[in-house]
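Read-outs throughout are calculated quantities, based only on the coordinates presented, and are distinct from any laboratory measurement. As the structure is a computational prediction, the values presented were derived from the model and not from experiment.
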């Protein structure tokens, strides 16, 4: 996205190691998955979200949903499925 002066400027966030399960457990990851699978575009208030890591998780969820067959469930009984993790690992380079 091109810089727009009307958007809030943000500092670069430091990188922090995290597992695939941690990434996929973020609520905004699940929101990104749900939006893609429902055919919705990005949330209107996305650029105003207070936490940049929420945007990262959301985008990863959207990308995961685009690269993973629709019949693969993200969660079962409230837990990330092993199959979902496997698909993330298979496409980790593309997801970010």
Rounded to the nearest 10 degrees, the helix 52-67 long axis (Cα) sits at an angle to the longest Cα principal axis of the chain of 40 degrees
Report, in degrees rounded to the nearest 10, the 0 to 90 angle that the Cα long axis of helix 27-37 makes with the longest principal axis of the chain. 80 degrees
With each run of n ≥ 4 DSSP H residues scored as -39500 (n - 2.57), what mean residue ellipticity at 222 nm is computed for the chain after dividing by its residue count and rounding to the nearest 500 deg cm²/dmol? -13500 deg cm²/dmol
How big is region 22-95 in terms of Cα radius of gyration and Dmax, in angstroms? 11.7, 33
